[in-house]
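Written out below as structure tokens is the structure these notes cover.
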Amino acid sequence: MTIATAHARPNIALIKYWGKRDEVLMLPQTGSLSMTLDILPTTTTVELTPAHEADTFILGGTTASQVETERVTRFLDLVRELAGSTTRATVRSRNEAPTAAGMASSAAGFAALAAAASAAYGLELDSRALSRLARRGSGSAARSVIDGFAVWHAGVDDETSFAEAVEAPPMRLVSVAVNAPRKKVSSRDAMRHTALTSPFHSAWVDSTARDLEEMQAACRAQDFTRIGELTESNALRMHAVTQSAQPAIRYLLPESIAVFNAVQELREGGLEAYATADAGPHVFVLTQPEDASAVSDALASLGEVRIAGPGLGVRIEGQGMSTQESGR
Ligand code: PMV
């Protein structure tokens, strides 16, 4: 195969990854746990172009910037190394999610790129190897390889840091896209800056490791209330640690805080809902399936709302099965 297309979707972490142990291998300081969404897909086609001297990256129909193209080339270099190839490629990618706005488009983007590129270069990777490869593009992409709920093990090296599926009770995430400008600090730079300058960073790492243990226990016990409490408090701690960096990084806007406040009021009124947000101003609200419409209606005045369920991990077009199902 010299051309392959893959589809991947964003994931939202219920226990967040914020800090790297190794920036080259993209090893996180702690594990994390997420839900892959069934909305906002990215479709990526990789076509080998032996006559070309450089890679080409077309994002949303337009030639991408030099910085974006270099990031794709660095990733393709990893795939080429694995495949023993020097052939350049053209990558065409379309995101339904707004790029760089805390909607996890990089997770879907690198999961799709990892799958399409490895297929185009003739690699046969199983789910674990694909998750490890996607991780090198964007850490959180390791989790978008997986269907539904995924735990990304921090691991101790390249081999042991990958995501795999976990059982969890039925849940929905209501996405509340607030009216906000493009984010200014990439999560990569912000993580490094937080680790270097926040006096609270080590407390964040220690408490997140504990949160992840508790979250996995709550998922096994199908304890939605505990899952929700851990989700919201872990997200607020992540935002607290970014705000404690010097200078501070603040992703949450007044519009985002309004959603957190409204969610607390919903809970006080007896509707179980819990808020989380990634490195951007948009908020995702965890609910049980039977409450999703009521939660979405209650938050509709605060942003553009959409209900997401657990979605599929990455898929290669034309191959009915995912790599994890086929056991390759
Ligand atoms: O994978 P990155 O570099 O886009 O970082 C993701 C960071 C968060 O979205 C804020 C948290 C997470 O675990 O997804």
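Please treat every number below as a calculation from the coordinates, not as lab data. None of the values given here were measured: they were computed from a predicted structure. Neighbour counts are summed over all protein chains in view; Cβ atoms, including those assigned to glycine, are modelled from backbone coordinates with ideal geometry.
Post the alpha-carbon centroid distance, segment 277-293 to segment 237-271, in whole angstrom. Their Cα centres are 13 Å away from one another.
Its relative contact order, with pairs defined as Cα atoms under 8 Å and 6+ residues apart, puts the chain at 25 percent.
Database remark: amide H of T56 closer than 5 angstrom to the amide H of A89, T90, V91 (H placed geometrically; neighbours at sequence offset of 5 or more, or on other chains; Pro and chain starts carry no H).
Just subtract the alpha-carbon distance of D206 and D126 from 0.36 nm times their residue separation and send over the number in nm, one decimal.
Values: separation 80, 0.36 × 80 = 28.80 nm, distance 3.15 nm.
Once the chain is fully extended between D206 and D126, it gains 25.6 nm.
Against the chain, whose longest principal axis is taken from its Cα atoms, helix 254-268 shows a tilt of about 50°.
Add +1 for every Lys or Arg and -1 for every Asp or Glu among the other residues with Cβ under 12 Å from the Cβ of E81, and state the total. Display every interim value, and only then the final one.
Values: positive: R74, R80, R136; negative: D77.
With Lys, Arg at +1 and Asp, Glu at -1, the neighbours total +2.
Work out how much length R74 to E229 would gain on full extension: take 0.36 nm times their residue separation and subtract the Cα-Cα distance, in nm to one decimal.
Values: separation 155, 0.36 × 155 = 55.80 nm, distance 3.87 nm.
Extending this stretch completely gives an extra 51.9 nm.
Of all the options A294, A195, A142, the one that moves most in a Gaussian network model of the chain with Cα springs shorter than 10 angstrom is A294. Loop-resident GluC sites (Glu not before Pro) (DSSP state other than H, G, I, E or B) in segment 22-106 with no more than 15 further Cβ atoms inside 10 Å of their Cβ: E23, E53, E96.
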